[in-house]
Amino acid sequence: MIWFFVGLIFIIFCFSFVMLFGAPYLPTLSPQIEAAFKLLDLKKNNTILELGSGDGKVLIAAAKQGYNAIGFELNPILFLLSYVRTMRYRKKVKLHLGNFWRVALPEADGIFVFLIDKKMETLDKKLKLYKYKPLKVASFAFKIPNKKIIKTLKGVNLYEYR
């Protein structure tokens, strides 16, 4: 019985801890994934970063489109779930367990995020320092303050950094 409570506390900790750095886990819906890909206008073998990759759904969809996908996830439970779900796409998908705020992001042709309002300004500051430009960013549901939206489709906003 004690292992049940230890496990429960671990799960609660994993899902609560990430709130300090980003957003709670909410799965991205298929229409929004399709909209993000359409807005980003990636070509086969282009690279997409997903900042907060959750259960790996976006990474899998990217691999199926022929994109290279790199995901960052802080929650170890979601990271393991995503790792297992993306195993068959290992040639196209790379996963990183950790806080994307604290690392230099790798080169990519586009970025997908589903963050929360209070983190969007911090994201903007990070992307202004991103050394691989031009860059397209698709954000589901939340807007980057004081940044011009290029286009919106099904709740996904497209931004460009030059």
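For the chain, what does -39500 (n - 2.57) per DSSP helix run (n ≥ 4), summed and divided by total residues, give at 222 nm, in deg cm²/dmol to the nearest 500?
Numbers: 5 runs with 57 residues, N = 162.
The helix-only estimate for the chain comes to -11000 deg cm²/dmol at 222 nm.
Output the relative contact order of the range 2-161, whole-number percent, from Cα pairs under 8 angstrom with separation of 6+ residues.
Working: 285 pairs, mean separation 36.3, N = 160.
Relative contact order comes out at 23 percent.
Determine which lysines satisfy two conditions relative to K126: a Cα distance under 17 Å, and not lying fewer than 8 residues away in the same chain.
K118, K136, K143, K147, K148
For the range 40-57, just list the computed ³J(HN,Hα) in residue order, Karplus coefficients 6.51, -1.76 and 1.60, θ = phi - 60°, integers in Hz, with x standing in for Gly and Pro.
With coefficients 6.51, -1.76 and 1.60, one gets 5, 6, 7, 9, 3, 6, 5, 10, 10, 9, 10, 8, x, 7, x, 8, x, 4 Hz.
Would you list, by chain and number, the aspartates and glutamates whose Cα falls below 20 Å from the Cα of K92, excluding same-chain residues fewer than 8 positions away?
The reachable aspartates and glutamates, counting only those whose Cα sits under 20 Å from K92, are E34, D41, E50, D55, E73, E107, D109.
Taking neighbour counts of Cβ atoms within 10 Å as a proxy for exposure, in what order, fewest first, do S82, S53 appear? The partial results should precede the final answer.
Numbers: S82 25, S53 29.
By the 10 Å Cβ count, ascending, the order reads S82, S53.
At a 10 Å Cβ-Cβ cut-off, how would you order D124, D109, fewest neighbours first?
Numbers: D124 16, D109 19.
Least to most surrounded, the residues fall as D124, D109.
To the nearest 20 debye, what charge dipole does the chain have about its Cα centre, counting +1 at the Cβ of each Lys and Arg and -1 at the Cβ of each Asp and Glu?
Details: 26 positive and 11 negative charges, 115 e Å.
So the dipole magnitude of the chain works out to roughly 560 debye.
Need one number: the % of Cα-Cα pairs in the range 2-161 sitting beyond the 21 Å mark. Each step should come with its number before you reach the end.
Numbers: 5497 of 12720 pairs.
Value for the range 2-161: 43 percent of Cα pairs lie more than 21 Å apart.
Would you mind ranking L59, L127 so that the residue whose beta carbon has the fewest other beta carbons within 10 Å leads the list? Each step should come with its number before you reach the end.
Working: L59 27, L127 19.
With the fewest neighbours first, L59, L127 line up as L127, L59.
So for the range 2-161, taking the charge dipole from beta-carbon charges (+1 Lys/Arg, -1 Asp/Glu), which of V58, V113, Y132 sits furthest toward the positive end?
My answer, from the dipole projection, is Y132.
Treat every Asp and Glu Cβ in the range 41-82 as -1 and every Lys and Arg Cβ as +1, leave all other atoms uncharged, and give the resulting dipole magnitude about the Cα centre to the nearest 20 debye. Each step should come with its number before you reach the end.
Numbers: 4 positive and 4 negative charges, 44 e Å.
Charge dipole of the range 41-82: 220 debye, to the nearest 20.
Where a number appears in this text, it was derived from the coordinates with a stated rule and is not lab data. It should be emphasised that the depicted structure is a prediction, and the values quoted were computed from it without experimental measurement. Counting neighbours? That spans all protein chains shown, and the Cβs are built from the backbone with ideal geometry, glycine included.
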